[in-house]
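Beneath this line is the structure, given in C-alpha cells, with notes to follow.
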Amino acid sequence: MINICDCGFENLTPFEQGWIVGLLEGEGTFILRVKPGVNKPWLNALIEVVNTEPNGEITKRLQSLLGGKIYRAYRKNECKWTLNTKKEILCLLEHIKPFMSKLRQTKINEILTGASP
Ligand SMILES: [Zn+2]
C-alpha cells in the first residue's frame with residue numbers, strides 16, 4: 001500500500017504514466033544489489049534506462065516527469081537514467097508493477113522484498 005507518493009508518479013496524467021510504463025517495460029533494467037555488511041546486508045535498488053540517442057531526448061523526458069539523474073557516456077553515445085533514492089525507486093516500482101509483464105513483475109517483487117528494511 002502506498003500512502004504518500006515519493007516519486008511523483010501520482011501527479012502525472014494517465015497518458016504520461018502509460019508512457020513511463022511502456023518505456024520501462026521495454027527499456028528498463030531493474031537491479032537489486034546486495035552487499036554483505038557488518039551487521040546487515042546493504043541493499044540498493046536501481047532502475048536504469050539506457051538509450052543510444054545522440055541528444056538523449058528519451059531520458060530527458062523521463063527526468064522532466066519524475067526527476068532523477070541522467071548519466072551520459074558520450075563515447076558510447078549512451079544515456080542512463082536513475083532515480084535518486086531507494087524510497088523513490090520502490091515507490092515507482094509499486095505504481096508500475098500491475099501493468100508490467102509477468103517476468104518484470106517477478107523481478108520487481110524480488111526487489112521490493114529484498115530492499116524492504
Ligand atoms: Zn510514487
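Counting only strands (runs of 3 or more DSSP E) that sit completely within the stretch 1-80, those holding 2 or more residues that are within 16 Å of the ligand (Cβ to nearest atom), under 17 Å from the mean Cα position of the chain (by Cα) and at pLDDT 85 or above correspond to 28-35.
Taken together, the residues in the stretch 95-116 that are of a type in the set (A, V, I, L, M, F, W, C), more than 12 Å from the ligand (Cβ to nearest atom), touching a helix residue (DSSP H, G or I) at 6+ places or on another chain (Cβ under 7 Å) and assigned to a helix (DSSP H, G or I) amount to 5. When only residues in the stretch 81-94 that are crowded, with 18+ Cβ neighbours inside 10 Å and touching a residue at least 40 places away in the same chain (Cβ under 8 Å) count, which is nearest to the ligand (Cβ to nearest atom)? Filtering the stretch 81-94 for residues that are crowded, with 18+ Cβ neighbours inside 10 Å and touching a residue at least 40 places away in the same chain (Cβ under 8 Å), the one nearest to the ligand (Cβ to nearest atom) comes out as Cys91.
The values are calculated or read from the model by the stated rules, or taken from the named source; none is laboratory data. Predicted model only: the values in this text are computed from it and were never measured. Don't worry about glycine lacking a Cβ; one is built from the backbone with ideal geometry, like all the others, and counts go over all protein chains shown.
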